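The values are calculated or read from the model by the stated rules, or taken from the named source; none is laboratory data. Model, not experiment: these values are computed from the prediction. So basically every Cβ, Gly included, is an ideal-geometry build from the backbone, and we count neighbours across all protein chains shown.
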Amino acid sequence: MSDIADTPDLTIGIPTINRLDYLKECFLSCVNQKWPDNKKIEIIISNNSSNDGTEEFLNNIVKSYAGGTVSVKVLHQSTVIPMIENWNACLTESKGSYFLLLSDDDVLCEGFSDGLFRDDVTSHKNIAGILTGFDVIDGAGCEIRTSKNKSGLYSGREFYKKLVVRELRYVFCGFIFKTDILKGGQVFEREFEKGMMADGAAIMNSAVNGDILVLEEKLVQYRVHDNNNSKYPDIKLNIRTREFFIDYSKTLENKWADVCDWTVYWCLDGYFYQAGHWVLKKKITSVEIRTLISDMNEKLMSHEMKSISLYRRLMLKSKKMIMLASSFLIK
């Protein structure tokens, strides 16, 4: 994947804070891969001022993994910084041709290295990113579901549209970025609160800048547990971050004239989907549902979408969400 001598083929960035047990599992899943002898792997762990023994653990592993195919670098933040700044700390220090951001509670599957460094994958020299299949696991590591996509090389535009309409599924840890494109987009330097929607913005930036290779094989495990940010509703935060994502997409319209339309659709469709889940699970109150309906319809009307068909599809989804919320309120 790398054509430059001494440049790592892949950097794995692991931002962490106070999840030592998960971090150990995550780290071991990386170093225990059967990495090819002719490939160089860089692991960068940014410790966000943890106080649970993480610092001591990391200092020890740096000594243990000096030299060899895998290099390990540890960054210790002196004070707690925002999540996305911790992500950016890993990216800024990365030297690999490609970059994977792996949360401290996520895991590489045993065959990650074999799947990523196959000849039919490494033969693609100029791709902007790679999407892999994935497992969703719970806090104890038990499989909840598996998601696979049809393998193939997609133009960035085709890939993004399929992602938006849910023909392709993704998790953040299942997308491998071309490092220079990710750095050039400066996504992690922007103020996405709690990192929300930054994953979508980073993937959008990759798609705008080149082809995306999709692999059917499940190569990563994405963990869902009670401490995930997405588990609990914060209506105002969700709206703010989606607006921020849409504003970022407007900076890329010089490359794709309709990228903002598709991003508006993704943001609002995703929000309707999430809101419907909250309603069914009764995680939001009646007052919050009314606020959500009002705010989201206002946001929908505030963007002058160029695509009438996308606009009509969103309006239909909005009506369905209102009906769902109304039926919930009646009960």
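Quick notes
- Some residue of segment 7-26 being without any contact (Cβ under 8 Å) to a residue 12 or more places away in the chain and either of a type in the set (S, T, N, Q) or not in a helix (DSSP H, G or I) (or both): no
- Subset of segment 137-160 [under 17 Å from the mean Cα position of the chain (by Cα), within 27 Å of residue 123 (Cβ to Cβ) and buried (at least 19 other Cβ atoms within 10 Å of the Cβ)]: 149, 156, 159, 160
Results for (1) at pLDDT 85 or above; (2) in contact with an Asp or Glu (Cβ under 9 Å, 6 or more places away or on another chain); (3) more than 30 Å from residue 143 (Cα to Cα), shown as yes or no for each residue.
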{"position": "202", "(1), (2), (3)": "yes, no, no"}
{"position": "206", "(1), (2), (3)": "yes, no, no"}
{"position": "222", "(1), (2), (3)": "yes, yes, no"}
{"position": "228", "(1), (2), (3)": "no, yes, no"}
{"position": "233", "(1), (2), (3)": "no, yes, no"}
{"position": "247", "(1), (2), (3)": "yes, no, yes"}
{"position": "267", "(1), (2), (3)": "no, yes, no"}
{"position": "270", "(1), (2), (3)": "no, no, no"}
{"position": "274", "(1), (2), (3)": "no, no, no"}
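- Test: residue in segment 162-170 that is in a helix (DSSP H, G or I) and crowded, with 20+ Cβ neighbours inside 10 Å: yes
- Segment 171-186, subset touching a Leu at 6+ places or on another chain (Cβ under 9 Å) and within 25 Å of residue 224 (Cα to Cα), residue surrounded by the most Cβ atoms within 10 Å (Cβ to Cβ): 176
- Take the conditions (1) farther than 27 Å from residue 189 by Cα; (2) surrounded by 22 or more Cβ atoms within 10 Å (Cβ to Cβ); (3) of a type in the set (Val, Ile, Thr); residue 72 misses just one of them, which is (1).
- Put simply, of 78, 94, 103, 113 the only residue that is more than 29 Å from residue 211 (Cβ to Cβ), among the small types (Gly, Ala, Ser) and at pLDDT 95 or above is 78.
- Residue in segment 31-53 that is part of a helix (DSSP H, G or I), in the same structural domain as residue 100 (by TED's automatic domain parsing), crowded, with 21+ Cβ neighbours inside 10 Å and modelled with pLDDT of 95 or more present: no
- Among the residues making up segment 33-60, a single one is touching a residue at least 40 places away in the same chain (Cβ under 8 Å) and farther than 23 Å from residue 129 by Cβ: 34.
- Residue 167 in contact (Cβ under 8 Å) with a residue 24 or more places away in the chain and either over 19 Å from residue 247 (Cα atoms) or among the charged types (D, E, K, R) (or both): no
- Qualifying residue in segment 99-110 (condition: assigned to a strand (DSSP E or B), aromatic (Phe, Trp, Tyr) and within 15 Å of the chain's Cα centre (by Cα)): yes
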